Amino acid sequence: MNRSSNGCWTCRLRRKKCDEHRPICNECMTLHISTCNYGAKPAWMDGGIKQEVMTKKIKNEVKQHAPYRRRGKRESTTSNLNVSIPGLADQKLASFNIPLPESEAQSEASSYTHDTSASSPDIPTVASPVNTQKICKQVLQIRTFAQSDSVLLVFYLERILPFLFPFYRPAPLHGGRAWILDLAISSPVVRQAILCQSSYFFALAHGTSTIKDDRMWEALLEKTRDAFNMLRNSITIIESYNENEHILGSVRAMAAVMQLQRFEIAITSFDNCQAHLNAALTIFRKVVDVVGADNLASSSNTFRSILSLLGPPTWILPAQQAEISSSEQAAFRFSTALLIFDDIIASTAFQERPKLYDYHQSLLCKGHGVDAVPPINLKTTVGCQNWVLKQIGEIATLDAWKKHRKAAGNLDVVELVQRAAAIKKTLEAHVSRFETDLVSAPQESNLLDDMFAAEDYTGQARTIARQTSLITQIWAHSTFLYLSVVVSG
């Protein structure tokens, strides 16, 4: 194909075919080239010295960011896959990049569908209509598990999942991690996300960096491409339906996004964390819209209403005494916990109010009644009790308020101190209650207790108290420091 005369100036300079995606073409985004631009002819495109300087600059950028598939040898990029593995010479961990441009919240999830791979012409773009029937056939077609896939799936359940989520120990008597197995079998998008992770860690465990044959790395790239393409296709389907028609698909896609995000964090690849978070937030809002965002913000029962749409639960035993959450119910609860946690932590870094702040009260706090428990239990997912992270969200909100007031030149220090004092008082009360409960809690448990530990009646999983108490204490004391920095910094 001939190169377009309307491509970005960087692709013209490099004499590469440009897909003309704006504001940054996928070729430049994949190679991390910072000079991508359209419009008037830039000053450096003079056919002389400036152009030569720019050519060298771009080559250096490409060389700096381009991954290596083999130690000390071949430099390669995978722009058509939007996937890369950094240099083995430096023993770096792999990085799997999805080009997700910053945009309004409405388009965060849809940015997953922007792929310019020449080998994937069936994936719709902004300029082409969505062939929903064709994509549904692609996504919903469940391929038979190969033996290698079975090995990778078991490897994920037994080794990778405990590594990525050490505090996630759902009780076996209430399903345990069976929902992951079920979704891996029934949902292609979740399956590919799992196989992508397992392929990498399995190769890492076998010391693949010493293998001179590129076939192993090509297989890893193939798994990663399949995962991202499957995710893009799934989100395309979700966007073409209204909320009620594809709520199950939305939950599966959200679970896959959070899985891939955690995977990238684990291998120290942080470039796409915010893009993944924004996409997951958009999918979450789409699910919430089924029952109404205002309803979820005002009542914890609304979250249970969402879960009821993802059911019904499974009943085990002839007596029908053991209620097991459906796979989608467990996936949504698990993914929502991770999403709330990530949103709160991101807000501290960006000095912004958490995007899910309006839902903190209904999702993280106990409702009315003696036996009431919050719909989301962060302790069973990230090892820290809800009240600590809720107060971190309050401090982040205070920090955002302070930043905006300071920028406007009308910061009231007295009001700042008063609001901070209220947060500190709440924190101190929680810490005091926590320490009292810690002293009265049983310190020992036997093997059978751990093996057959039952959850409480709402299905919230328990973890061993001594594993999470220290984590909660560390987070609590760190929260006091964070509050002090916000007030005095």
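Bear in mind these aren't lab numbers, they're just calculated from the coordinates by the rules spelled out. A quick note: this is a predicted structure, and the numbers were derived from the prediction, not measured. When we count neighbours, we look across all protein chains shown, and the Cβ atoms used for this are built from the backbone with ideal geometry, even at glycine.
Here are the numbers for the structure shown:
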| item | result |
| --- | --- |
| Vicinal HN-Hα couplings computed from phi for the range 375-383 (Karplus, 6.51 cos²θ - 1.76 cosθ + 1.60; Hz; Gly/Pro x) | x, 10, 10, 5, 4, 7, 10, 10, x |
| Difference of contour (0.36 nm per residue) and Cα-Cα distance, C273 to S5 | 93.0 nm |
| Shape call, the range 372-420: gyration tensor on alpha carbons, a/c limit 1.5 | prolate |
| Whole-number D in µm² s⁻¹ for the range 9-65, Kirkwood Cα-pair radius fed into Stokes-Einstein, 4 °C, 1.567 mPa s | 113 µm²/s |
| Set K366/K406; K17/K50; K16/K56 screened for pairs whose C-alpha atoms are more than 24 Å apart | K366/K406 |
| Under-5 Å amide H pairs with G383, H placed in peptide plane, nonlocal only | none |
| Highest-first arrangement of 431-438, 386-393, where packing means the average Cβ count within 10 Å | 386-393, 431-438 |
| Segment D46-V485, extension gain: residue separation times 0.36 nm, minus the distance between their alpha carbons | 153.0 nm |
| Distance in nm between pseudo-label sites at C365 and T436 (7 Å out along the Cβ direction from Cα) | 1.9 nm |
| Extension reserve of the H404-D226 stretch, reckoned as 0.36 nm per residue once the Cα distance is removed | 59.8 nm |
| Sites S478 and A372 - FRET efficiency at Förster radius 25 Å, r taken between beta-carbons, to 0.05 | 0.35 |
